[in-house]
Amino acid sequence: MIGEFEWLGTIRTVHIIGAGLNQKKPAHRAFHDAGHKGFRMIPVHSKDAGSTILGRPIRPDPWGSDAPELFVFFLSASSVIQELRKWLIEGRDIPFIWLQPGAENPELEEFLSNSRIKYSTGRCWVVTVNEDDIICKNPLPEQPWCLQTTSIDGSDCSTWQHFSAGSDHIRNSPLEWVGDLIDLQTSNEIIPRYIRSLVNEGETLEDASIRLS
């Protein structure tokens with residue numbers, strides 16, 4: 001693999017922003033077309049978060065980790081700018097941005113340049129990794145994942161669920177948190193931190209997650 005995009009093989013986690021349950025959308029189809037390349041592909045969709053695409057849990061935002069590697073945007077240019085402005089105000093460390101065809105425009109590119117955010121434009125990420133035969137050089141194993149929702153029985157209690165890697169699910173109650181075992185280990189969000197605090201001596205985090213479910 002030699003060429004301009006050889007560096008993509010060093011990426012392990014790719015956030016696909018705009019990937020929800022609508023199977024007709026290119027962002028959803030990306031998991032069918034590039035899911036075999038070894039990347040930890042994370043779907044991001046605020047409305048459909050807590051459900052899955054091919055067993056991969058959809059996140060409401062891409063900040064389960066404080067050090068994301070690559071954001072692939074399947075959004076309009078105006079929506080991309082809106083998201084980037086919000087994250088910059090929050091002080092986020094924004095990684096490399098890959099603008100899918102249709103997401104780019106001069107205003108957005110000027111915004112990215114002025115904000116000193118590295119980006120690519122003019123070529124589809126899915127097409128690139130397939131046509132250039134790019135695979136993840138150091139893939140992560142498939143991860144079990146977890147979901148916390150608010151009970152809809154009127155008690156307002158929280159329900160914790162643990163799913164084995166590749167398990168499909170459609171969320172049917174209000175979302176509190178969702179992520180895989182890596183997110184659970186590393187996220188600074190309140191719920192993962194709380195779950196980590198419940199790990200007993202001699203128990204793994206995964207075992208604790210299963211016990212609590």
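Within a Cβ distance under 15 Å of R193, other residues only, what is the Lys/Arg minus Asp/Glu net charge?
Details: positive: R196; negative: D66, E176, D183, E189.
My count for the surroundings of R193 gives -3.
Long-range amide H contacts for R56: which residues qualify at under 5 Å (H placed 1.01 Å from N, peptide plane, sequence gap of 5 or more or a different chain)?
Excluding prolines and chain starts, which carry no amide H, there are no hits.
Write down the percent of antiparallel bridges among all DSSP beta bridges whose residues are both part of the chain, to the nearest 5.
Numbers: 13 of 30 bridges.
Here the share of antiparallel DSSP bridges comes out near 45 percent.
Listed highest first by mean packing, meaning other Cβ atoms within 10 Å per residue, what order do 200-207, 48-55 come in?
Values: 200-207: 11.0, 48-55: 20.0.
By packing density, highest mean first, the sequence is 48-55, 200-207.
Normalised by the residues of the chain, what does the relative contact order come to in percent, with Cα pairs under 8 Å and at least six apart? Show your work: numbers first, answer last.
Values: 400 pairs, mean separation 46.0, N = 213.
It rounds to 22 percent for the chain.
By the gyration tensor of its Cα atoms, with a ≥ b ≥ c the square roots of the eigenvalues, what is the shape of segment 1-89: rounded for a/c under 1.5, prolate for a/b over b/c, or oblate?
Since a/c reaches 1.5 but b/c is at least a/b, the shape of segment 1-89 is classed as oblate.
Which of rounded, prolate, oblate describes segment 104-164, given a ≥ b ≥ c as roots of the alpha-carbon gyration tensor eigenvalues and a/c under 1.5 marking rounded, otherwise prolate only if a/b is larger than b/c? Please report the intermediate quantities before stating the final value.
On the way: a/c = 3.59, a/b = 1.68, b/c = 2.14.
Because a/c hits 1.5 or more and a/b fails to exceed b/c, segment 104-164 counts as oblate.
Sort W7, W145, W160 so the one with the fewest other Cβ atoms within 10 Å of its own Cβ comes first.
On the way: W7 12, W145 25, W160 17.
Fewest-to-most ranking of W7, W145, W160: W7, W160, W145.
Give me K25, K47 sorted ascending by neighbouring Cβ count inside 10 Å, so fewest comes first. Walk me through the numbers on the way to the answer.
Values: K25 14, K47 11.
Lowest to highest Cβ neighbour count: K47, K25.
When N is the residue count of segment 145-212, what does its C-alpha Rg come to as a fraction of 2.2 N^0.38 Å? Mind dumping the intermediate values first?
On the way: Rg = 12.0 Å, N = 68, 2.2 N^0.38 = 10.9 Å.
It is 1.10.
Calculate the translational D of the chain in whole µm² s⁻¹ from Stokes-Einstein, where the hydrodynamic radius comes from the Kirkwood formula applied to all Cα pairs, the temperature is 4 °C and the viscosity 1.567 mPa s.
Details: Rh = 18.1 Å.
Translational D for this selection: 72 µm²/s.
What shape does segment 40-134 have by the C-alpha gyration tensor, where a ≥ b ≥ c are the square roots of the eigenvalues, rounded means a/c under 1.5, and otherwise prolate means a/b greater than b/c and oblate the rest?
oblate
Which ³J(HN,Hα) values, rounded to whole Hz and listed in residue order, are derived for segment 12-21 from phi using the Karplus coefficients 6.51, -1.76 and 1.60 in 6.51 cos²θ - 1.76 cosθ + 1.60 with θ = phi - 60°, glycine and proline given as x?
9, 10, 10, 8, 9, 8, x, 8, x, 7
Across segment 88-103, in residue order, what do the Karplus-derived ³J(HN,Hα) couplings come to in whole Hz, using 6.51 cos²θ - 1.76 cosθ + 1.60 with θ = phi - 60° and x for Gly and Pro?
Whole-Hz 3J(HN,Hα) from phi for segment 88-103: 5, 4, 6, x, 6, 8, 7, x, 4, 9, 10, 8, 5, x, x, 8.
Where a number appears in this text, it was derived from the coordinates with a stated rule and is not lab data. Keep in mind the model is a prediction, meaning the values are calculated, not measured. Cβ coordinates were reconstructed from backbone atoms using ideal geometry, including for glycine residues, and neighbour counts include every protein chain displayed.
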